[in-house]
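Following: one structure in structure tokens, then a few remarks.
The values are calculated or read from the model by the stated rules, or taken from the named source; none is laboratory data. Treat the numbers as computed from the prediction; the structure is a model and nothing was measured. Methodologically, a virtual Cβ is constructed for each residue, glycine included, from the backbone with ideal geometry; neighbour enumeration extends over all protein chains shown.
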Amino acid sequence: MDSALIPKGVERCPLGRFLAFIAIVGAVLLWGVVAMFLIYIKGLNQTNMNNAYGFALWIWADLAVIALGGGAFFTGLLRYIFGKAELKNIINYAVLIGFVCYSSALLILAIDVGQPLRAWFIFWHANVHSMLTEVAFCLTCYFGVLTIEYIPLILENRQIERISFFRHLAHNMHGIMAVFAATGAFLSFFHQGSLGGVSGVLYGRPFGFRSGIGIWPWTFFLYTWSAAACGPCFTILVTRITEMATRKKLVKDEVIDLLAKIAGWMLVTYIAAKIVDTVYWAAVTAPAMGFTLMDFYTNNPGSAYGLWILIAEVGLCGVLPALMLIAPSVRRNARLLFLAVLLAVLGACLNRWVMILQMQAVPVLPFERWFTYFPSWQEIATTILPVAYGIILIAFSYRYLPIFPQEAELNPLPEGGR
Amino acid sequence: MDQPKNKRYGMVIDLDKCTGCGACMVACMAENNIPFRDDDTDKLLSVSWMHVYRLSNGKPFPQAEECFLPRPCQHCEGEHGHSPCVSVCPATATDYDMHTGIVSQIYTRCFGCRYCMAACPYHVRQFNWWDPVWPEGMERALNPDVSVRMRGVVEKCSFCYSRYQTALNRAYVEGRRELAEEEYQTACAQACPAGAIVFGDLNNPRHRVHRIVQPDLAHGGRPRNPKAFRLLERLGTHPKVYYLTGRDWVRRAGDNEVQKS
């Protein structure tokens, strides 16, 4: 029924099955939308945040999706600026995933503020000293860049492409895409870094605070570096999941191998820098503020923030996937590669989790205790909402747009096919 | 000695005098139109600009000792007015006034991102999780000089800034530019029955608060009085709220020490 919209040379599942899938994910989306309106109408009292936990699940989700969406800027940088031509076969999907991540982040931020109608004050009354100001400006600009990068993909739909103006527009936009890739890399460097600075500049919070260069704490650079390392891992992970869901090979192994190899070396250098940062923080920065390393990891309820979390972040989800990804034998093994990129993605998420959640859980006043928090169903639903939205956008994009240039070659249609 | 033109309003709280009666909290709530709910037992969801902590030395009877520690906003100066909260607010909704040393909160500009709450190590910043609902008739008892706050914004102790404005207006009408010490006093300082809270200009050697604390202005206002200390001195927040005690364990409870743990 919708065959006229499906790209040439590829096959898609029947429309009924596709719509059934969309309906299931749409139900989850609807659940999130209900929670969102509940929050808009009744306020942030619908959450389990409190005066000690002003930042919680949403801010973590924001930081995590932006880090994982970093695959778009870094793959774009490699493809258009460093001339890694093979990556043209995955750049479309990296852009789409980045678009989903950044639009999700903006959506969550719009829910997260106490007075959403005043959200524009961040631009109008901007405080140049605030990391959040830099985040807001760069994030909004970069979302614009991602939209510009996504538009040519939409214009390449079989029916839209038939209109001469749109066909030429898409062609010309592709031609100048290097400019946007460079702009995107520049903007990403600053907003990824500023997100690192969000906790890094808090000199009243010894768990998050870091020294640095000038106005930039070390976390500024670590966040950018980790996004460049783990973002491509997320792109690979979602590509593999898409291949599993569609039961098709969509990107050639050598393309994935190249991206995984670069991500691996980025992860090696990142995790080395992270270890140095952790040692310096534990030995110098925190003691100067009256804290030992173990003050941050002991005597908390249920050991939710025990030393295990640092080991999991730096070791299991840092050093291990880094070593796995730089090993060609691991990259050639589909299962091990999947495990490596999954661990790297979890590592980035865990890093953002501790830097936001644990930072506030640690008591700073000596006569206070650890603070605990568990999100309300409204917070969970609104955090899953963008995941459902992302799945739906990816499903529609995959069905109707030529996202994967190698798909037709890798999955030749039987004789008499479209 | 020349008196500096700018003021540095600050407070000194004698913890050995404080009985924990809570009069400062009540006076603060009445003065500043602080909202409350039918069930305000969850103190992490309620708003109280002045909060009294109960500290214990952790020892069994007969060595057991307790101390009550009132905690208003510390009005940190940081380095050059970059207090932990002021520098992070993305919408400039909180400000460090160089003329008074008071950290203000602009409720109509705050859009509720709560970054300042995450930045403040003293937990003095609180969020309006609900719109204020006053018991019937109480609207008429609200302080007309202090705006009530709506849901979704952060608020905190302002050192009763409306009193400063009122006192300054009165002085201007009378042709004066300087305020006498007693002309501008916070509600908590006036309400304390034990006289444990002293408020004034730390820059003015004639003010009691200066004489008690003897601030070292060259070192972020560090107290020269050996009985005085500030909360979390090591962080470099340079608060303008000082505490007095003769008890060593109370003093040590005010900051973190590496060797302690």
Residue within the range A:321-332 that is of a type in the set (V, I, T), closer than 30 Å to A:G264 by Cβ and either in a loop (DSSP other than H, G, I, E, B) or within 14 Å of chain B (Cβ to nearest Cβ) (or both) present: yes
Filtered residues of the range B:200-227 (kept if in contact (Cβ under 8 Å) with a residue 24 or more places away in the chain, under 14 Å from B:I13 (Cα atoms) and in contact with an Asp or Glu (Cβ under 9 Å, 6 or more places away or on another chain)): B:G200, B:R208, B:V209, B:I212
Residue that is over 23 Å from A:Q360 (Cα atoms) and either touching a residue at least 40 places away in the same chain (Cβ under 8 Å) or facing another protein chain (nearest Cβ under 10 Å) (or both), where the choices are A:A94, A:A85, A:A52, A:A56: A:A94
Hits in the range B:95-117 (condition: surrounded by 23 or more Cβ atoms within 10 Å (Cβ to Cβ), closer than 22 Å to B:G220 by Cα and within 10 Å of another protein chain (Cβ to nearest Cβ)): B:C116
Residues located in the range A:183-213, provided they are of a type in the set (G, A, S) and surrounded by fewer than 16 Cβ atoms within 10 Å (Cβ to Cβ): A:S211
Matching residues in the range A:363-384 - criterion: being assigned to a helix (DSSP H, G or I) and either surrounded by fewer than 15 Cβ atoms within 10 Å (Cβ to Cβ) or within 14 Å of chain B (Cβ to nearest Cβ) (or both): A:W377, A:Q378, A:E379
Qualifying residue in the range B:228-240 (condition: without any contact (Cβ under 8 Å) to a residue 60 or more places away in the chain, within 14 Å of chain A (Cβ to nearest Cβ) and assigned to a helix (DSSP H, G or I)): yes
In the range B:68-82, the residues that are more than 9 Å from chain A (Cβ to nearest Cβ) and either in contact with a helix residue (DSSP H, G or I) (Cβ under 9 Å, 6 or more places away or on another chain) or assigned to a loop (DSSP other than H, G, I, E, B) (or both): B:P70, B:P72, B:C73, B:Q74, B:H75, B:E77, B:H80, B:G81
Among the candidates A:I97, A:I39, A:I91, residue that is modelled with pLDDT of 95 or more and either buried (at least 24 other Cβ atoms within 10 Å of the Cβ) or closer than 28 Å to A:K252 by Cα (or both): A:I97
Any chance A:E407 is at negative phi, among the acidic types (D, E) and touching a residue at least 12 places away in the same chain (Cβ under 8 Å): yes
From the options A:L202, A:L258, A:L195, residue that is at negative phi, hydrophobic (A, V, I, L, M, F, W, C) and not in a helix (DSSP H, G or I): A:L202
Of all residues making up the range B:239-261, the number that are touching a Lys or Arg at 6+ places or on another chain (Cβ under 8 Å) and either among the charged types (D, E, K, R) or farther than 19 Å from B:Y53 by Cβ (or both): 4
Neighbours by Cβ (under 8 Å, 6+ apart or cross-chain): first from the range A:284-313, within 14 Å of chain B (Cβ to nearest Cβ); second of a type in the set (D, E, K, R) and in a helix (DSSP H, G or I): A:A286/A:D295; A:A288/B:R234; A:M289/B:R234; A:G290/B:R234
